[in-house]
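Input: a single structure, listed below in C-alpha cells.
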Amino acid sequence: MKLLIVEDEVKTGDYLKQGLGEAGFNTDLARTGLDGLNLAINQPYDLIILDVMLPELDGWQLLQTLRKQGYEVPVLFLTARDEVDDRVRGLELGADDYLIKPFAFSELLARIRSLLRRGRSSQEPTLLQVSDLELDLVKRRAVRMGERINLTAKEFSLLELMIRREGEVLPRSLIASQVWDMNFDSDTNVIEVAMRRLRAKIDDPYPRKLIHTVRGMGYVLEERD
Amino acid sequence: MPIVSLTTRLTLLFALVSVAVFASLGFLIKHSMEEHFVAQDFAELDDKIRTTANLLNSLKTGESPPSIHEVMKNTVVDHDSIIIKIDTSSGGQLFASGPIAFPFDKTQLLNKPGQIQRAAWNEGDIRYRGAAMALEGRDSSRHLILSAAIETTRHRVFMQQFAKELSGLMLTATLFSALLGWLVARQGLAPLRLMRAKAKSVTATRLDQRLPVDTIPVELASLAQELNRMFDRLEESFTRLTHFSSDIAHELRTPISNLMTQTQVSLSRARSAEEYQDILASNVEELEKLSRMISDMLFLAKAEHGLQLPSRQRFPLEVEVAKLLEFYEALADEKQVHMQLQGSGELSGDRLMIDRAISNLLSNALRHTPEGGLVDLYIERGIDALTLTICNDGNTIPAQDLPYLFDRFYRCDQARGHNESEGTGLGLSITRAIVHAHGGKVTVKSANNRTCFTLSFPH
C-alpha cells in the first residue's frame, strides 16, 4: 500500500511518515502543494493525506486539479480549521474523509484503513473467527471454546467491530462512533467501562486473552503469544 | 449623504424656518401695502370727483363752459397729479387736464347719475386708476360726466424701493436668527457634550464609569439609561471574558506543567522501555485532555458569534435520548444507577448537536448520582415548547451556585482540584450554547438532594 503525505509542517510531516511507515505503509512525503501534485500525477498511490494549508498550492486547489484530471485516488484531508463550511467544501470537491487537527494517530490509522478497504468489495462473511472465538453474524451469537456467551446487542456490535478490524488499534472515539453512533467527543469513560464488561464475558474466563489495551491509543483484538 | 453635525443641522433648520417665516411675512406686508395704496388712490379719486361735482353744482346757474374751464384750472387741477376731465352727455369735452382716454362706458354712467364707477388700466407703460361719475343737469341733455385718473408709477417705484429694503432687512434678520439658532443649538446640546466627555473616560480598565442620568434633560436621560445598561452588559461580558482568559491559562497550565515535569523527570536518567512507554502513554492522556479542551473552547468561541446549525431536520427526541441512554448504560450499570425515560416528542434541529447537549447533561448526572441512585428523564410536549428534563439524585447544589453553573470552568467547590473523572468544565456551557442556537433555553433546579436540568425548545 503506497501513501502520499502532503504536509508542510516539518515535524508533523516527519512523524506522519514515520508512524505510517511503522504501521506497514510505504509512504512519500511532499512539503509543498506543487510537489504533492507532481508526485500524485506521476506515481500510483492508494491514498493521499492532504493538509489544507499548504504553500504554493493549497489542499483544495490540489484536490480540484487532481479530480479535474480524472484521478480517483481516495483523499483524506487534515484541517486545523474546524469550520463546518470547510468540511462540506472538502467533501464536495471529492475528498473522501477529513480529520481535524489535533487528531489521535490511531484515529488517522483507522480512517486510512477504512478508506483503503472501501474500494474492495469482498462478499460479507456470515461467520467471523479469531482464535477460539466465533461470531455468528446471522444468529447474532458469540461462542468461545464451544461455550455460548450471552452478549447484549451493543456488546455484540463492539465485538464484531473489533474482530472485523482484527489487529488494528481502535481509538475510543472511533468505537463510540461506530458502535453507538456518538459522532462527537463524548465521555470516553463509557468506552472503558463497556470494554471492561465485554472482556469480563469473552476474555476473563479463558486462558488466552484476545482484547488488549494499547495505552494512549485504544484497543486492539488479536491473538498474542 | 454626508453626516452633518447636530449643531449644524439644527442651525440650518432654524435658518430655514426663519427664511420661510420672514419671506411670508414680507409677502404679506407687501400685499397689504399694495391694497392700502389702491384704497388710498380710489379714496382720493372719489374725493376729487365729489369736490369737483360740488364745485360744478355751485356753478351751474348760468356759468358758461369757458368759465368752467377757468374755474377748474384755477381751483382743482394744479395741486396734484390727478387728471380731471369733464364731458357733456352729448360727447363734447368741457375740460381736460391731461390727454387720457378713460375706459368708462358713458351710457352706464348716465343711467346711474351720482354713482361712482372705478377702473384700472394701462396706457402704454403707465398704469392708471380712475373713477367717473355722471352729474345731473337741468335736463338730460345737460348731464355732465366727471372723470378722474391717477398714475400709479410712483407707488411702483416706492414698492420696489421698499421691497429692496425689506429683503435686506429680512436677510439680516435671517442671518441673525441663524446665529441665534447656532448658539441655542450649542447650548441645548451641551448635555450631549457632557455625555461625550463621560463616555470618553470609559476604558477597558475603567468600565465602571456611568453616564449621569439625573442631571441631564429627560429626552437624553432614557438614552443615557440605555447606554448605561449597555455599559453594564459590556462590563459583565468583559469581566467574564477576562476571567475566562485567566481560567484558560489556569486550565491549560496544569496539564502542561504535568507534562513538562513528567517528561523532564523521565529524561533525567535512563529508563527501561516499559517505563518510557508508560510515560508516553500518560503524556498522550494529558494531551488528549488538552486537545479536547481546545476544541471545546473553539466551539464556544464560535458559539459566542451566534452558532450556525450545520443542518436542521425533524426527528423524534425520544429515539435520540434512548440512543444516548444505551451509550451510557454500561457506565450506569457499573454505578448501579437506574436510568429511565418517559414521554416522546418531535424536535427540529441538528441531531449531532442535540446529542452532544444531552450527552453532557447525562454524563454530568451520572457523575453526581450516588450508587444506587436514579436518573430520570422525561420529554413533555407543552403548548409552545418541547421540554426534556433530566433529574438525578445527588447533593443539592447550593442556590448561590445555580446561576453560575453554565459558566465556563465553573465548579461549585472553589478549590480547583483536578478530579480525573471530571470533564473539561465546559460541558454545561456547550449544552447551553447548543440549546440557545436552537432558540431554546436551559434551566436548572436543585432541592432535596435532587437536581433537574430542563431543556426547552420552542415549537
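Checked against the criteria, residue B:80 counts as on the phi < 0 side of the Ramachandran plot and either at pLDDT below 85 or among the hydroxyl-bearing types (Ser, Thr, Tyr) (or both). Looking across segment B:275-300, the residues that are open to solvent by 40 Å² or more (accessible area, probe 1.4 Å) and away from every other protein chain (no Cβ under 11 Å) come down to B:275, B:276.
With a requirement of 1 or more residues that are over 28 Å from residue B:431 (Cβ atoms) and at pLDDT 90 or above, the helices (runs of 4 or more DSSP H) lying completely within segment A:150-225 that satisfy it span A:153-164, A:189-202.
Residue-by-condition table, conditions (1) more than 14 Å from chain B (Cβ to nearest Cβ); (2) of a type in the set (A, V, I, L, M, F, W, C); (3) over 15 Å from the mean Cα position of the chain (by Cα):
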residue: A:113; (1), (2), (3): yes, no, no
residue: A:131; (1), (2), (3): yes, no, yes
residue: A:163; (1), (2), (3): yes, yes, no
residue: A:167; (1), (2), (3): yes, no, no
residue: A:189; (1), (2), (3): no, no, yes
residue: A:196; (1), (2), (3): no, no, yes
residue: A:208; (1), (2), (3): yes, no, yes
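Within segment A:10-32, the residues that satisfy the criterion of being in contact with a helix residue (DSSP H, G or I) (Cβ under 7 Å, 6 or more places away or on another chain) and either hydrophobic (A, V, I, L, M, F, W, C) or closer than 15 Å to residue A:50 by Cα (or both) are A:23, A:27, A:28, A:29, A:30, A:31. Of the numbered criteria (1) of a type in the set (Val, Ile, Thr); (2) open to solvent by less than 100 Å² (accessible area, probe 1.4 Å); (3) assigned to a loop (DSSP other than H, G, I, E, B), the one residue B:184 fails is (3). Looking at segment A:1-83, the strands (runs of 3 or more DSSP E) lying wholly inside it that each contain 1 or more residues that are exposed (fewer than 15 other Cβ atoms within 10 Å of the Cβ) and not small (Gly, Ala, Ser) sit at A:2-6, A:26-30. Taking (1) more than 43 Å from the chain's Cα centre (by Cα); (2) buried (at least 17 other Cβ atoms within 10 Å of the Cβ); (3) within 14 Å of another protein chain (Cβ to nearest Cβ) in turn, residue B:318 satisfies each apart from (3). Of the residues making up segment B:88-110, those that are of a type outside the set (Phe, Trp, Tyr) and either part of a loop (DSSP other than H, G, I, E, B) or at pLDDT 85 or above (or both) number 11.
On the basis of being modelled with pLDDT of 80 or more and within 14 Å of chain A (Cβ to nearest Cβ), does residue B:433 make the cut? Write out each step before concluding.
Working: modelled with pLDDT of 80 or more: yes; within 14 Å of chain A (Cβ to nearest Cβ): yes.
Against the criterion (modelled with pLDDT of 80 or more and within 14 Å of chain A (Cβ to nearest Cβ)), residue B:433 qualifies.
Taking every residue in segment B:287-306 that is closer than 17 Å to residue A:215 by Cβ and assigned to a helix (DSSP H, G or I) and pairing it with any residue that is among the polar types (S, T, N, Q) and open to solvent by less than 30 Å² (accessible area, probe 1.4 Å), at least 6 positions away or on another chain, the pairs with Cβ-Cβ distances below 9 Å are B:289/B:424. Screening A:173, A:177 for residues that are touching a residue at least 40 places away in the same chain (Cβ under 8 Å) and either open to solvent by less than 50 Å² (accessible area, probe 1.4 Å) or within 27 Å of residue A:112 (Cα to Cα) (or both) leaves exactly one candidate, A:173. Given the conditions (1) at the interface with chain A (Cβ under 8 Å from one of its Cβ atoms); (2) at pLDDT 90 or above; (3) within 23 Å of residue B:424 (Cβ to Cβ), report the number of the one that residue B:332 does not fulfil. Residue B:332 satisfies every listed condition except (1). Among all positions in segment B:340-352, there is at least one residue which is facing chain A (nearest Cβ under 10 Å), at pLDDT below 90 and part of a helix (DSSP H, G or I).
Taken over segment B:366-396, the criterion of being exposed (fewer than 15 other Cβ atoms within 10 Å of the Cβ) and polar (S, T, N, Q) is satisfied by B:395, B:396.
Using beta carbons and a limit of 9 Å, which pairs, at least six apart or on different chains, have the first residue in segment B:204-215 and assigned to a loop (DSSP other than H, G, I, E, B) and the second one basic (Lys, Arg)? Taking only residues 6 or more apart or on different chains, the pairs are B:209/B:198; B:210/B:198; B:211/B:198; B:212/B:198.
The values are calculated or read from the model by the stated rules, or taken from the named source; none is laboratory data. Just so we're clear, the structure is a prediction, and the values are computed from it rather than from any experiment. Counting neighbours? That spans all protein chains shown, and the Cβs are built from the backbone with ideal geometry, glycine included. Remember, those area values only see protein heavy atoms, side chains included, never the ligands or the DNA or RNA. Shrake-Rupley method; radii C 1.70, N 1.55, O 1.52, S 1.80 Å.
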